[in-house]
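A.B. asks: Below are the structure tokens for one structure; questions will follow.
All of the numbers you see were taken from the coordinates with simple rules; none came from a lab. What you see is a predicted model, and the numbers here were worked out from it, not measured in a lab. Neighbour counts are summed over all protein chains in view; Cβ atoms, including those assigned to glycine, are modelled from backbone coordinates with ideal geometry.
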Amino acid sequence: MVAQILSIQVGLPKSLGVTGAPDPMDRPWSTGFFKEPIQGEVWLGSTNLAGDGQADLKHHGGVEKAVLAYATEHYPSWQARLKLPHLSYGAFGENFTVADQTESSVCIGDIYDIGEAQVQVSQPRQPCWKLSRRWRIRDLAFQVQTTGQTGWYFRVLKEGMVEAGMKLVLRDRPFPQWTIARANQIMHHELNNREASAALANCPLLAVNWQRTLSNRAANVNPDPVPRLWGEN
């Protein structure tokens with residue numbers, strides 16, 4: 001159970017767009033989505049990598065979403081689907097582009113050593129409209145959600161220096177039944193499966209916001225995904 005970080009990306013928020021533009025895609029917005037690969041060691045702190053940041057701290061970043069990981073395996077299919085053959089690592093806003101892991105092989109609560117640091121899987125990534133605007137494809141966030149190729153977040157259990165090329169060594173897997181793929185299936189496709197929602201919500205290592213959403217669904221209260229997926233686009 002060893003994977004590898006092929007590339008690490010960071011980027012600070014920036015403001016883009018033109019006030020009054022007729023196309024919503026061209027209107028003002030702030031984002032930390034534009035991330036660039038870095039060489040050498042970088043500090044992984046409790047809430048992010050050094051040099052990384054998020055524009056919307058209500059919905060992004062923080063302890064539960066310190067690092068976003070994405071599988072290298074997905075890139076060829078997206079390059080073909082989107083007709084973007086040069087789509088490169090970091091294109092989905094991820095910090096860690098990871099080989100030998102996908103949503104089907106990563107579980108909520110997994111603990112991995114990365115050099116001197118240690119991280120734990122907290123939740124699947126829920127794509128938002130800013131991914132769509134980044135690539136000017138209005139339904140891209142919806143496509144990512146529908147395919148289940150979302151990526152996943154790590155919380156940081158032990159800070160330390162990390163570097164592209166390092167291994168992710170699995171140290172503990174307390175909830176093998178709760179893969180990222182299964183969590184995505186319940187959250188986005190089994191909207192009326194109240195029993196599954198309640199069961200996943202009871203996973204103590206699932207991020208609190210996911211626990212809350214799923215508990216509400218088990219009580220027959222579903223959030224509207226339109227603002228997140230389509231937003232200002």
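A.B. asks: Would you be able to tell me the number of residues in the range 81-124 that are in contact with a helix residue (DSSP H, G or I) (Cβ under 8 Å, 6 or more places away or on another chain) and among the charged types (D, E, K, R)?
C.D. replies: 2
A.B. asks: Continuing with this model, one more query. Scanning the range 205-216 for residues that are touching a residue at least 24 places away in the same chain (Cβ under 8 Å) and over 28 Å from Val10 (Cα atoms), which turns out surrounded by the fewest Cβ atoms within 10 Å (Cβ to Cβ)?
C.D. replies: Looking at the filtered set, the residue picked out is Thr213.
A.B. asks: OK, next. What about Pro127, is it in a loop (DSSP other than H, G, I, E, B) and either surrounded by fewer than 19 Cβ atoms within 10 Å (Cβ to Cβ) or without any contact (Cβ under 8 Å) to a residue 60 or more places away in the chain (or both)?
C.D. replies: Here the answer is no, as Pro127 does not meet what is asked.
A.B. asks: While we're here: Given the residues Arg173, Arg212, Arg194, which is the only one that is more than 19 Å from Gln145 (Cα to Cα) and under 19 Å from the mean Cα position of the chain (by Cα)?
C.D. replies: On inspection, the qualifying residue turns out to be Arg212.
A.B. asks: So Pro76 fits all but one of (1) under 25 Å from Trp29 (Cβ atoms); (2) free of Cβ contacts under 8 Å to residues at least 24 places away in the same chain; what number is the exception?
C.D. replies: (1)
A.B. asks: Quick one: count up the residues across the range 136-182 that are surrounded by fewer than 16 Cβ atoms within 10 Å (Cβ to Cβ), of a type outside the set (D, E, K, R) and under 18 Å from Leu229 (Cα atoms).
C.D. replies: Final tally of qualifying residues: 2.
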